[in-house]
1. Among the candidates 340, 347, single out the residue that is part of a loop (DSSP other than H, G, I, E, B) and not charged (D, E, K, R).
2. Is it the case, given these coordinates, that residue 275 is more than 27 Å from residue 46 (Cα to Cα), out of contact with any Asp or Glu (no Cβ under 8 Å at 6 or more places or on another chain) and not small (Gly, Ala, Ser)?
3. Go over the candidates 39, 13 one by one and state the one that is among the aliphatic types (A, V, I, L, M) and at negative phi.
4. Pick out the one residue from 316, 293 that is crowded, with 18+ Cβ neighbours inside 10 Å and within 19 Å of residue 260 (Cβ to Cβ).
5. I need a count of the residues in the stretch 219-247 that are acidic (Asp, Glu) and within 21 Å of the chain's Cα centre (by Cα).
6. Go through the stretch 382-410 and report how many residues are buried (at least 20 other Cβ atoms within 10 Å of the Cβ) and more than 26 Å from residue 35 (Cα to Cα).
7. Among residues belonging to the stretch 336-358 that are surrounded by 23 or more Cβ atoms within 10 Å (Cβ to Cβ) and more than 21 Å from residue 292 (Cβ to Cβ), point out the one that is nearest to the chain's Cα centre (by Cα).
Amino acid sequence: MVSQKDREIIRELAAEWMEQASLPVMNERKRLWKAVHDLKAERPVILVETAWIEDFVSQSEILCEDPFLRTVEQNMRITLRQARELGDDLVMEPYYRVGWRMLFSDYGVPVDIESSVQNPASMAYRFNFPIGQPEDVAILKKRTLAVDRAKTARMTDTLQDVMGDILPIASGNYDPFAYEFDVGEFGDLGFNGTFFFGLTWQLYRFIGNDNLFRWVYEAPEAIHELMEYMLNDRIALFEFLESEGLLALNTDNQMAGPRSYGYVSDLPEADSTDDVKLKNLWGWAESQEAEGISPQMYGEFVLPYLAKLSEKFGLIYYGCCEGVDNKLDLIIDAIPNLRSVSVSGWSDFAKCAEMLGKNYVYSRKPVPAHISGPNPHWDLMEKDMKDTYAVAKDCNVEILYRDVYTTDGDRTRLKKWVDMTKSIFQM
């Protein structure tokens, strides 16, 4: 039973959410995002990832008592504060989305996560790396996949009862990262709608970096066996979501890639009533864990598997934090439905701009360390954006400020960065 206090809190937030979502600027921002993803950019689009900034909305501001509604309240307060304060190209849709709660078995081996002993709330953690020898790959088993329709229905019904008459409730897709960390019964990490491939993401959790870098020389067959196993695992997962009718189009403000929205003309509009297929969706390919191997080894051990999985989807967003300039030609050749490429601070900005041109989205990721902590480095942030403008001003640019975990109690620096970037790009 939802208390009257919790009900009133959520309803007040829902009314403000709908008010913000109904503003004319939201349709204008959707149009601008779509223009970038249609490769006809009118100007860059800018988005700050606020969901993981621990001091953007403090726990003392969360007033609900019910654990599930506290999670919803926190998400709504973060989104609303961003809409009110930052002036970036945040889009709020006139609905609140709930992802399906999934039930996954393990991989036949326990992949344990150990948090920092000194600070359990820290982002620092490590894994037990259960595959210690090449012959241990044989221990892996096919995962069982299921959807918890009852739990999802409880969540959806609760929100429908509390605020559905003000803010409609939508359902579909799932948060892949919610199953990697302990986020509670109803928690998520804000990645709903993301079809994250995570092949080497999981391979690293099996064997660790040391073995990854050694086995490409000493046991190449084991690396191929692991990659084939992960490819089949992801195909089974994505096809399960499709066959069970769990998919929702991610061509709205769900994530096409790491915090990039999915607005685009080449896939069905999010309000389409047709059955949703994987071919109607964005997929997200990346391989940060393979950063330390050569482009040639990447082309042998990683890219063929990413390319095979990419065939399942309509459009592909490639990359995250890894540098891409030394292998971008391989990626372009291997993935015909590539549309967006992440250009992090570890990439050659100019080389990427030349290779992407107007044929792809130049998805720029500023360096998060510059804005984090007690002493933000404004000179480095300004240089970062000026260097980007100098080489990519004629590209289809989106700028996504991600992986900022603290502003040391000074969230005003986020708007200052947005205003600075708009000025540099003459927006």
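1. On the way: 340 fails: part of a loop (DSSP other than H, G, I, E, B).
Going through 340, 347 in turn, just one is part of a loop (DSSP other than H, G, I, E, B) and not charged (D, E, K, R): 347.
2. On the way: more than 27 Å from residue 46 (Cα to Cα): yes; out of contact with any Asp or Glu (no Cβ under 8 Å at 6 or more places or on another chain): yes; not small (Gly, Ala, Ser): yes.
Criteria met by residue 275.
3. On the way: 39 fails: at negative phi.
That would be 13, the only listed residue that is among the aliphatic types (A, V, I, L, M) and at negative phi.
4. Values: 293 fails: within 19 Å of residue 260 (Cβ to Cβ).
Exactly one of 316, 293 is crowded, with 18+ Cβ neighbours inside 10 Å and within 19 Å of residue 260 (Cβ to Cβ), namely 316.
5. Within the stretch 219-247, the first condition is being acidic (Asp, Glu), and the residues that meet it are 221, 225, 228, 233, 239, 242, 244.
Narrowing further to those that are within 21 Å of the chain's Cα centre (by Cα): 233, 239, 242.
So the count comes out to 3.
6. Going through the stretch 382-410 one residue at a time, the tally reaches 2.
7. 340
A quick yes/no check of all residues on (1) surrounded by fewer than 19 Cβ atoms within 10 Å (Cβ to Cβ); (2) among the aliphatic types (A, V, I, L, M); (3) at positive phi:
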| position | (1), (2), (3) |
| --- | --- |
| 207 | no, yes, no |
| 210 | yes, no, no |
| 213 | yes, no, no |
| 218 | yes, no, no |
| 225 | yes, no, no |
| 235 | yes, yes, no |
| 239 | yes, no, no |
| 242 | yes, no, no |
| 248 | no, yes, no |
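The values are calculated or read from the model by the stated rules, or taken from the named source; none is laboratory data. Because the structure is a prediction, the values reported are computed rather than measured. Because the Cβ atoms are built from the backbone with ideal geometry, glycine has one as well, and the counts that use them run over all protein chains shown.
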